[in-house]
Each structure stands twice: as C-alpha cells, then as structure tokens.
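Report on one structure; see the data block that follows.
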Amino acid sequence: MIMKCSYKKFKLSLVPFIIYFLIINICMVPIPHAATNNGNENDFKLPKYLKNDDIEIYKQIFDLQRKGLWDDANIKIQKLNQKILMGHVMAQRYLHPTKYRSKYSELKGWLKKYSDHPQSHRIYKLALRRKPKEEVLQFKPKTPRYVPNYFNTQKNIIGKKQNKKNRLRYSKLRRKVSNFLKNDQITNANNFLQNSKSYKNLDEELKAKLLNKIALSYLYFGKIDLAEKISENAVRISKDGVHSSLWITGLIKWKLGKFDQSIMYFEKIFKLDNIPESILAKTAYWLARSNMINRKPEEAVKWLKITTSYSDTFYGNLARKNLNLPLKISSNPVPRIKIIELNELRKSPKGSRSLALLQVQQYELAEKELIELYSYDPKKFYLPLLGLSIDMKLPRLSMKLAKDSDPNEKKFYQALFPIPRWSSKNNDNIDRAVIYAVIRQESEFNTSAKSRAGARGLMQILPRTAQSIAKQEKIKYLGRWQLLEPEKNIELGQKYISRLLNKKNIKNNLIFMSAAYNSGQGNLAKWRKRIDFLNDPLLFIESIPVRETRGYVKRVFNNIWFYREILGQKKISLNLLAAGEWPEYIRLD
C-alpha cells in the first residue's frame, strides 16, 4: 500500500513540480537547435574521375553480376577503358552467394593482384577452404580486420584492476551462478556461493557483483525482501565501492517506498570515480524522482539540472524536457570537402577506387575502402572524409568518424545521426526516425553486419524471422544473403516493427516494441507477467533483467529523439515519458 500510494503522489506531483520550477525561475542557458535536415540530396557534385562510358558500363556490370549473368557481364568488361574497379568486379563474382562457385586458382589469382581490397579477408578465408592440402597460400590480406578509434580512446575503468587469478575465479563462479539463474534456481545459486571456497577467497568487489545478479533475480521474481537483504549485503561487502550494488539497492528501496534510503544509496554513486555518464545520468534522474516524491522540489530541481549536463543520454534528454529545455544538439556544420582534398585522396589506390566506386553508385564498397584509408592516416583524412561522408550520404563512415572525434572537441551531430540514402518500397509504413534509430543501434549503418546469433544486415534480422515476414507480407525474398541488401533489409525490418506494434501484448507501445525487438516477444511477455513495475514506464525499463535490453531500449529512444529533432518533427514519445506516461507509436512522416 505504501508503494502504490507514494507512486500515485509522484505521478500527480509532476505538473505542479514543473510549475514550481518555472515560478522559482532557475536560470538555465538554452542551447541553440541544430539546423534541421529533411534528408533531401544536397547540391554536392562529385568530380568525374571515370569517363562517362565507363561509368555506365560499370553500373551495368555490377547489375548483371548481381543477377548471375556472367556472359553478359564479360562482354561489358571487354568494353571498359579504365580497369580500376576490376578487383571489386571479380570479388563480387567470386563471392556471389548463389550463382557462382569460385575455384581456388581464381581466388589465389585475385589475392595476388588485389590483396589491398576490403574483400581480401573473405576471399582469403574462402581460398583456405578451397585450396589443395599440399598447397601453401602465399598471398595474404593487406587490409586491417578492424579499424579502431584513434582520437576518442577514452575508456571507463570501473573499479580496481583485478589480477588474473581473481578474474578466472570470478569467471567460473559467474558462469555457474548464471546457469542456476537461467533455470530460475535463485536460492540454489545463493547457497552455492555461500558454500564455495572460491567465493570466500574472491575480492570483495567481485563478490558484490555476483550478489547483484542474485538480488536482481529475486527482484525480478517479486521476492523484494530477499532482494533487499542480498543487495544490502553486497553494498556492505564492497564498502560502498561498487556502483551497481548501490544502484540496485537504491532501486529496491524506491520500490519499497523507502525514499529517504533510496536517496542515500543513489547519492553514494556520485562519490565514486570513473563512472560512465549514462550511469550518472540515470542516478541523478532517479534522485530527482525520489526527492520529488519526498516533497523536496528544490533538491529535485538540483538533480534534474545535474542530469541535463549528460545531454547525450536518455535521462539527460528526459531531464531537459522536464525543465522545458530543448535537446542539446550542436549546429556545428561538417566542413565541406575541398577539391584539393579530393585530389589528395586520388593519390592513394584506395582513395582512387573509392571515388570511382562513388561514381558508379557502389556506396557500401566505397565506404569500406574509405574506412580502411582512414586507418592509414587518421589525422590527415579525418575532416576530408567526414565532409565527403555527409556530401555523399555514407552513414557508416559518418558515424564511425563522428564517434572517433576527440571528446574535448566540438561534436558533429549531423554525422553522429546521419541520414542515409536508402529507402524501401513500403517506406510509408514506419517513420524514418524509428527506422534510423533502430539501424543506428543495431548495426551503426553497417550493411554487412552479422551477429553471433545469425542476425544480418542493417536492422539485424534473423533469417527465420525474415522468411516468416516475407511469407506473411508476400514480399519477394530469395534467401539470407538478401538481408545484406539495404533496401530489402529495411523493407523486412519495418514490416517486423509494424508486426510487433500490432501484437496484442504490445498495442503500439514503443517501449514494449523495442524490448521485444531486442530480446524477443517471449521474453517481453514473461517480463510483463513477472515484474511488478507499478505501471511506471521507467521502472519497467530499469527492471528488465537483461542488461543488454535495458541499455538497448534507452539508446533506441534517445536515437528517435535526436532523429525527430534533425528531421524537424515533434518528439511525442519524449513528452510522454517525461510526464510519466507510456509512449505510443504515432506516425509523423
């Protein structure tokens, strides 16, 4: 009864609280809006590096080979004057998913000539499978497997560094505990730890992390008294040194209506070092909520102001809305690439190929070349490639470079939240902002992305899901390889989102849709049945037992809000969540 009564007071107190804030007129300097971008093509014209005839011939070759029409493609190849893209042409042929079976001699010959191309690792791997046993493959890829960050290399190191023995001990215990919890054997997991010699010899910080898993499981099953006992023990063992223990205990106290105690635990998180901004933002916002319920509006305003300083986070944007502030999105324009910089790109083989690929509209291949080129000299190529990525609508490259910017320098939101050139035949089904938000989180605009679970492409769709959607919606679908085609992936992905939104247990609810997209409809149904979330959308999100899904839902919403801002659309879901209401999908395109 205490919980429900307090929660109702919280919901009712939101509007007068905002009025109170406006009356006391706390000074906040508004941040200017970014210039809106409706996604139309700009006036940038790429200088022609290929002759007009070759441009058309290459386009025809790539199209013919995609269909498996090799003889027709060979005739076109004979008509080429500039053979700069033949490495890409032959890679398309040798790696075709259904229409061509490449020979070892072909793959070996390709590696000998084109080992600096982005496809070299795939062709090398295929060549190893096809080569005779006695053969030694001498030609290896000369391209990086992974392009790391060069400027933004900051990492949050939470807690103290553990020695190898402790790490191994913890890893074994965590696996054992996780197996118990997967089978809903929470008490067995707890008993196992208490009787384990390895656990007793473990560092206090790692002990607390294991107890956190058990406390969360008890909370999930509604055994809140046991969850409270375990989480308090974790805090005591770690001597207030583990932020996750403090957070879980604070959340449990909040659910129990013990708001003074929840405030105490949440505030301790701000005394720790090296805590990620997303965690600080979450904690500050829940401190504002706790103080609001406790009838301490000045303290609530203080914590809301602190939350707004983490302006790129989910909770930072909620706080900005509560305080009637716009999203903090910079209007810094990305510098346009100059002719002299384009000419500099042409001096390298990768740069020349990239510009030629852009001319023949092979944008994804050009992106791969340019990302690898960036790795060779980041300082030299950063701004020119950033400008080119915006001008030519290369979203994967845009986001890669924008995320790698020096954290102390200005941010380019135009590149952080790029507008791609792709569309779908059914693009009137789900708004662009929602589609882009999901793509940004799922694949960061990498058309070739593949997960360990087998999900593929921009929206990370599982092949069996794609087949089911295609059959139900009567969409032409030729196989899993088509999920790597941007338009087909988006077409299937938006149909899947539409299907989720229409489910009886989702009913257009954006939070439930996002959770189901990440963890599946079965898990969503289970969580809704088991979690006592008091009809509070934020409490539901923070009570999801899977850390990946908790983060996923918040990041997708944050992406939606930024894209709504960039596209000049209303942020209805932000308004609803900031008011403590459930956000429903409302089409705005």
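The values are calculated or read from the model by the stated rules, or taken from the named source; none is laboratory data. Only a predicted model underlies this, so the values are computations on that prediction, with no experimental measurement involved. Don't worry about glycine lacking a Cβ; one is built from the backbone with ideal geometry, like all the others, and counts go over all protein chains shown.
Of the residues L345, L327, only one is buried (at least 16 other Cβ atoms within 10 Å of the Cβ), aliphatic (A, V, I, L, M), within 30 Å of F44 (Cβ to Cβ) and in the same structural domain as I371 (by TED's automatic domain parsing); which? Steps first, answer last, please.
Working: L327 fails: in the same structural domain as I371 (by TED's automatic domain parsing).
Going through L345, L327 in turn, just one is buried (at least 16 other Cβ atoms within 10 Å of the Cβ), aliphatic (A, V, I, L, M), within 30 Å of F44 (Cβ to Cβ) and in the same structural domain as I371 (by TED's automatic domain parsing): L345.
Surrounded by fewer than 21 Cβ atoms within 10 Å (Cβ to Cβ) and either touching a His at 6+ places or on another chain (Cβ under 7 Å) or more than 23 Å from L574 (Cβ to Cβ) (or both): which single residue out of D312, D273 fits that description? Every option except D273 fails the conditions.
Checking the structure you have, find out if any residue of region 374-393 is part of a loop (DSSP other than H, G, I, E, B), crowded, with 21+ Cβ neighbours inside 10 Å and not assigned by TED's automatic domain parsing to the domain that holds G568.
First, the residues of region 374-393 that are part of a loop (DSSP other than H, G, I, E, B): 377, 392-393.
Filter again for crowded, with 21+ Cβ neighbours inside 10 Å, leaving 392.
In the following step, the residues that additionally are not assigned by TED's automatic domain parsing to the domain that holds G568 were identified as 392.
Within region 374-393, one or more residues are part of a loop (DSSP other than H, G, I, E, B), crowded, with 21+ Cβ neighbours inside 10 Å and not assigned by TED's automatic domain parsing to the domain that holds G568.
Considering region 541-563, and only residues there that are surrounded by 16 or more Cβ atoms within 10 Å (Cβ to Cβ) and farther than 18 Å from E444 by Cα, the residue that is nearest to the chain's Cα centre (by Cα) turns out to be R550. Count of region 69-85 residues, restricted to those that are touching a residue at least 24 places away in the same chain (Cβ under 8 Å) and surrounded by 13 or more Cβ atoms within 10 Å (Cβ to Cβ), is 5. Taken together, K59, K67 contain a single residue that is at pLDDT 95 or above, closer than 30 Å to P384 by Cβ, under 35 Å from the mean Cα position of the chain (by Cα) and in the same structural domain as Y114 (by TED's automatic domain parsing), which is K59.
Of the residues A402, A449, A455, only one is under 19 Å from the mean Cα position of the chain (by Cα) and modelled with pLDDT under 95; which? Step through it out loud before you land on a result.
Working: A449 fails: modelled with pLDDT under 95; A455 fails: modelled with pLDDT under 95.
Of the residues listed, the single one that is under 19 Å from the mean Cα position of the chain (by Cα) and modelled with pLDDT under 95 is A402.
Number of residues in region 561-589 that are aliphatic (A, V, I, L, M), closer than 9 Å to A433 by Cβ and not assigned by TED's automatic domain parsing to the domain that holds K507: the value is 1.
The one condition from (1) surrounded by fewer than 18 Cβ atoms within 10 Å (Cβ to Cβ); (2) at pLDDT below 95 that E444 does not meet is (2). Considering (1) acidic (D, E); (2) within 22 Å of D536 (Cα to Cα); (3) modelled with pLDDT under 95, the lone condition that D273 does not fulfil carries the number (2). Considering (1) outside any helix (DSSP H, G or I); (2) closer than 24 Å to P132 by Cβ, the lone condition that D116 does not fulfil carries the number (2).
In summary, A516 fulfils each of the numbered conditions (1) under 17 Å from the mean Cα position of the chain (by Cα); (2) in a loop (DSSP other than H, G, I, E, B); (3) of a type in the set (A, V, I, L, M, F, W, C) with the single exception of condition (2).
Select from region 351-366 the residues that are hydrophobic (A, V, I, L, M, F, W, C) and more than 28 Å from the chain's Cα centre (by Cα) and list them in ascending order.
Residues of region 351-366 hydrophobic (A, V, I, L, M, F, W, C): 355-358, 360, 365-366.
Scanning region 351-366 gives L355, A356, V360.
State all residues of region 325-341 that are farther than 22 Å from F562 by Cβ and in contact (Cβ under 8 Å) with a residue 24 or more places away in the chain; if no residue qualifies, say none. I'd like the intermediate steps shown before the answer.
Residues of region 325-341 farther than 22 Å from F562 by Cβ: 336-341.
Scanning region 325-341 gives R336, I337, K338, I339, E341.
Restricting attention to region 101-147, the residues that are touching a residue at least 24 places away in the same chain (Cβ under 8 Å), loosely packed, with under 15 Cβ neighbours inside 10 Å and either in contact with a Ser or Thr (Cβ under 8 Å, 6 or more places away or on another chain) or over 24 Å from K350 (Cβ atoms) (or both) total 6.
Of the residues S217, S290, the single one that is at pLDDT 95 or above and of a type in the set (G, A, S) is S290. With respect to the conditions (1) within 25 Å of F417 (Cα to Cα); (2) at pLDDT 95 or above, F259 falls short on a single one, namely (1). Looking only at residues in region 568-586 that are small (G, A, S) and not in a helix (DSSP H, G or I), the one that is surrounded by the fewest Cβ atoms within 10 Å (Cβ to Cβ) is G568.
Criterion applied to L272, L304 was being hydrophobic (A, V, I, L, M, F, W, C), in contact (Cβ under 8 Å) with a residue 12 or more places away in the chain and part of a helix (DSSP H, G or I), and the one residue passing it is L304. Restricting attention to region 454-468, does a residue exist that is of a type outside the set (S, T, Y), within 18 Å of A516 (Cβ to Cβ) and touching an Asp or Glu at 6+ places or on another chain (Cβ under 7 Å)? Within region 454-468, one or more residues are of a type outside the set (S, T, Y), within 18 Å of A516 (Cβ to Cβ) and touching an Asp or Glu at 6+ places or on another chain (Cβ under 7 Å). Considering region 293-338, the residues that are of a type in the set (G, A, S) and at pLDDT 95 or above include one that is farthest from the chain's Cα centre (by Cα), namely A300. Every listed requirement among (1) within 23 Å of V553 (Cβ to Cβ); (2) among the hydrophobic types (A, V, I, L, M, F, W, C); (3) out of contact with any Gly (no Cβ under 9 Å at 6 or more places or on another chain); (4) part of a loop (DSSP other than H, G, I, E, B) is met by L458 save one, (3). Working only within region 524-540, note down all residues that are under 22 Å from the mean Cα position of the chain (by Cα) and free of Cβ contacts under 8 Å to residues at least 24 places away in the same chain. Result: L524, single match. Only one of the listed residues (E491, E542, E565) is assigned to a helix (DSSP H, G or I) and under 27 Å from F221 (Cα atoms). That residue is E542.
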